[in-house]
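First comes the structure, then the notes that go with it.
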2 protein chains.
Amino acid sequence: MTAAPPSRLPRYTDVAFAATRLGGVAVRTPLLTSPALDAAVGARVLIKPETLQRTGSFKFRGAYNRLTGLAAAGRRGGVVAYSSGNHAQGVAHAAQLLGIPAVVVMPSDAPRTKVERTRAYGAEIRQYERFFECRERIADEIAAERGATVVKPYDDPSIIAGQGTVGLEMIQQARAAGERLDAVLVCAGGGGLSAGTALACSALSPETAVYTVEPEGHEDHARSLAAGHRVSNANAPASICDALLAPTPGELTFAVNQPRLAGGLAVSDAEVKAAVRTAFATLKLVVEPSGGVALAAAMSGKLPRPAGTIGVVLSGGNVDAATYADIIADS
Amino acid sequence: MTAAPPSRLPRYTDVAFAATRLGGVAVRTPLLTSPALDAAVGARVLIKPETLQRTGSFKFRGAYNRLTGLAAAGRRGGVVAYSSGNHAQGVAHAAQLLGIPAVVVMPSDAPRTKVERTRAYGAEIRQYERFFECRERIADEIAAERGATVVKPYDDPSIIAGQGTVGLEMIQQARAAGERLDAVLVCAGGGGLSAGTALACSALSPETAVYTVEPEGHEDHARSLAAGHRVSNANAPASICDALLAPTPGELTFAVNQPRLAGGLAVSDAEVKAAVRTAFATLKLVVEPSGGVALAAAMSGKLPRPAGTIGVVLSGGNVDAATYADIIADS
């Protein structure tokens with residue numbers, strides 16, 4: 001069966017509860033500093049490298065939190081997810097750890113690395129054509145056939161709460177290091193990471209301004225936040241950021257984000273590539289293009305107000321070697 | 001003037017003192033875990049990524065510790081260092097932070113990245129031909145001309161003590177995380193990092209077996225430890241590990257290492273490349289070939305005795321984009 005979408009909005013306490021579930025399972029990624037990056041940006045930058053998370057992105061957090069919450073009957077029926085890649089790996093690996101069967105619906109043009117890794121975590125892959133087929137419908141059909149539960153990529157309170165542990169840890173780690181976060185930059189596809197981070201920041205560090213960062217032409221969060229209601233991208237251009245192409249903010253995520261976010265920023269492909277190169281050459285961290293948008297925004301001075309200390313989430317590092325080689329060699 | 005080599009062997013207390021000097025200046029690099037790597041290696045692996053250190057390698061620690069110890073007259077005369085790259089950057093950056101003039105003698109075939117970065121830290125570069133000129137003599141001549149102090153890459157108590165803070169932090173961080181290190185693997189060129197790490201481990205965690213790791217054909221530490229006295233590499237083959245080509249252990253470093261190390265291991269270029277690829281694909285960390293030898297040894301099962309928990313130092317990440325692209329694409 002497909003569970004009806006829960007209507008309750010997630011709260012900070014859900015994030016705190018997710019942190020207890022993830023303790024000892026998810027990697028508590030460090031909060032890194034780089035004096036060279038600080039000098040280049042002209043501000044103190046605290047980097048949260050979710051590239052070092054299980055499966056190479058923050059998506060494991062939400063997926064594991066969602067799957068641990070399934071009752072025994074739900075676990076037996078298995079789970080279905082649709083994703084261009086990182087949510088797929090997160091769900092597949094969480095399901096593997098919990099012994100739950102998983103099917104993942106992936107676009108046929110998803111990066112090869114992401115498809116292979118999802119399969120390596122034991123999930124069954126169902127590929128589809130991004131421009132001709134509807135992934136939600138395919139997932140619903142599989143769920144109906146098998147009695148499986150659809151695990152949405154972002155518009156789910158448990159997913160939002162799990163991703164929010166990124167923000168929760170940032171605040172805790174910054175505080176432990178004697179730092180104070182003036183701003184936090186997080187990527188936004190459907191808005192799950194930003195919503196969870198906004199919940200954590202508004203509860204624990206209300207002085208911290210949280211911004212979404214999106215690829216130019218795909219800045220539906222930025223425009224929706226400015227408009228006060230959800231708007232969609234029309235005629236969106238191609239983008240190097242394959243994980244951030246959701247056309248509109250989620251319903252739940254936007255309800256959480258709208259009153260809590262300071263605004264939305266957008267970065268060009270060129271700015272993203274420069275950020276990936278800086279992560280390579282200066283930070284020595286492998287970042288996928290989608291995972292580098294927040295760093296790109298910090299490096300390109302996109303913040304509307306100066307910030308002394310900026311938290312930057314590097315959200316993922318799953319990039320094909322050939323794509324990565326092209327980006328770093330193109331200096 | 002060139003300072004006469006101090007004859008006193010460094011002790012653990014020198015490492016502890018170096019830690020206080022480096023506090024707030026050097027990056028306290030995290031101790032990382034990767035469940036995927038643990039599964040691949042078949043042991044718990046605790047990764048110390050000195051790739052995230054200032055200048056992209058552990059060499060900053062020793063250099064800063066050495067330069068802070070210079071008296072006012074010594075600072076005015078400036079410093080001279082010779083290095084294929086990472087020590088060069090460490091000295092140049094430490095000198096920059098302390099306002100000390102620096103000249104660095106570098107081989108003409110050093111990776112371009114390393115030369116450019118050393119220059120960017122404000123040092124004057126003097127290039128030489130690796131096979132025809134003697135870098136020590138060039139450094140001594142410059143020191144005599146300018147009244148500068150030669151900062152040796154490893155055979156110096158302050159350098160050894162500074163590098164030892166890597167091991168000191170590993171032990172502290174492992175303990176704080178409730179882990180116990182059965183073995184620690186560190187690369188060895190001249191043996192400064194291993195000597196400092198051995199000092200820290202023997203004082204604080206004597207149950208931890210510390211091993212050097214070197215490129216095959218350049219395993220002078222392994223052979224010297226087995227022989228009980230210093231031996232040199234003869235007819236050493238070419239190696240991808242440009243930072244680990246010292247032909248023989250240092251005099252001071254070997255005196256420290258010999259009674260404290262558990263042994264020396266060697267890895268092939270192919271094993272090193274596989275480690276660099278794993279660091280890219282699984283750890284999402286940029287590692288230069290020389291910086292990946294310890295990981296290569298862990299991945300290749302080189303430890304003579306099984307270890308439940310292995311500490312691995314990723315010693316540096318300064319690699320040209322083109323070289324790196326070649327390695328990660330060659331899967």
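None of the figures in this text is laboratory data; all of them are computed from the coordinates on show. Computed from a prediction, not measured in an experiment: that's the story for all the values here. Counting neighbours? That spans all protein chains shown, and the Cβs are built from the backbone with ideal geometry, glycine included.
Counted over all Cα-Cα pairs of region A:1-71, pairs farther apart than 17 Å make up 58 percent. If a/c stays under 1.5 just call it rounded; otherwise compare a/b with b/c (prolate if a/b is bigger, oblate if not). Do that for the protein assembly as shown, with a ≥ b ≥ c from the square roots of the Cα gyration tensor eigenvalues. Note, shape of the protein assembly as shown comes out prolate. In the protein assembly as shown, the DSSP-assigned H stretches of four residues or longer account for a calculated mean residue ellipticity at 222 nm of -12500 deg cm²/dmol, using -39500 (n - 2.57) per stretch and the full residue count as denominator.
For helix B:135-146, what angle does its Cα long axis make with the longest principal axis of chain B, in degrees from 0 to 90 and rounded to 10? Its long axis makes an angle of about 40 degrees. Looking at the P(r) of region A:49-120, how many percent of alpha-carbon pairs lie beyond 18 Å? Every Cα pair in region A:49-120 considered, those over 18 Å come to 32 percent. Between A:Pro304, A:Pro289, A:Pro49, the GNM of chain A built on Cα springs shorter than 10 angstrom shows A:Pro304 fluctuating the most.
When only alpha carbons are used to place a centre, region B:146-185 and region B:213-263 end up 18 Å from one another.
Each peptide among A:254-267, B:235-248, A:315-328, B:131-144 gets the average number of other Cβ atoms lying within 10 Å of its residues, and from highest to lowest they stand as A:315-328, A:254-267, B:235-248, B:131-144.
On C-alpha positions alone, give me the angle between the axis of helix B:269-278 and the longest principal axis of chain B, in degrees, nearest 10. Roughly 70 degrees, rounded to the nearest 10. Could you compute how fast region B:282-331 diffuses translationally, taking Rh as the Kirkwood radius over C-alpha pairs and applying Stokes-Einstein at 37 °C with viscosity 0.692 mPa s? Give it in µm² per second. Answer from the Stokes-Einstein relation: 271 µm²/s.
With an a/c value of 1.5 or above and a/b not larger than b/c for the gyration tensor axes a ≥ b ≥ c computed over the alpha-carbon atoms, region B:166-317 is described as oblate. Remark: mean inter-chain Cβ contacts per residue of A:280-290 equal 6, using a 10 Å Cβ-Cβ cutoff to other protein chain atoms. Here the dipole of chain B is about 940 debye; that uses its Cα centre as origin and unit charges on the Cβ of Lys and Arg (positive) and Asp and Glu (negative).
Scaled against the 2.2 N^0.38 Å expected of a compact globular protein of N residues, the Cα radius of gyration of region B:177-239 reads 1.26. Just check region B:136-241 against the gyration tensor rule for me: Cα atoms, a ≥ b ≥ c as the square roots of the eigenvalues, rounded for a/c under 1.5, and otherwise prolate or oblate depending on whether a/b exceeds b/c. It is oblate, given that a/c is not under 1.5 and a/b is not larger than b/c. Each residue of region A:80-123 gets 49 Å³ once the volume of the Cα convex hull is shared out per residue.
Relative to the longest principal axis of the Cα atoms of chain A, the long axis of helix A:86-98 lies at roughly 60 degrees.
Under a Gaussian network description of chain A, with springs only between Cα atoms under 10 Å, the residue in A:Ala26, A:Ala36, A:Ala174 that fluctuates furthest is A:Ala36.
Within the listed set B:His221, B:His87, B:His229, the Gaussian network model of chain B (springs between alpha-carbon atoms below 10 Å) gives the highest mean-square fluctuation for B:His229. What the pair-distance distribution of region B:1-152 shows, using all Cα-Cα distances binned every 10 Å from zero, is 11, 35, 32, 16, 6, 1 percent.
Here the extension length gained between B:Arg11 and B:Arg146 equals 45.4 nm, from 0.36 nm per residue of separation less the Cα-Cα distance. Filter A:Lys302/B:Lys59; A:Lys59/B:Lys114; A:Lys152/A:Lys273; A:Lys284/B:Lys302; A:Lys114/B:Lys273; A:Lys114/B:Lys59 down to the pairs with a C-alpha to C-alpha distance above 31 Å, please. From A:Lys302/B:Lys59; A:Lys59/B:Lys114; A:Lys152/A:Lys273; A:Lys284/B:Lys302; A:Lys114/B:Lys273; A:Lys114/B:Lys59, over 31 Å: A:Lys302/B:Lys59; A:Lys59/B:Lys114; A:Lys114/B:Lys59. Pairs of Cα atoms in chain B fall into 20 Å distance bins, from 0 up to the last occupied one, in shares of 35, 60, 5 percent. Based on C-alpha pairs under 8 angstrom that are at least 6 apart in sequence, chain B has a relative contact order of 22 percent.
For the protein assembly as shown, DSSP calls about 10 percent of its internal beta bridges antiparallel. Across region B:209-262, the volume of the C-alpha convex hull divided among the residues equals 74 Å³ per residue.
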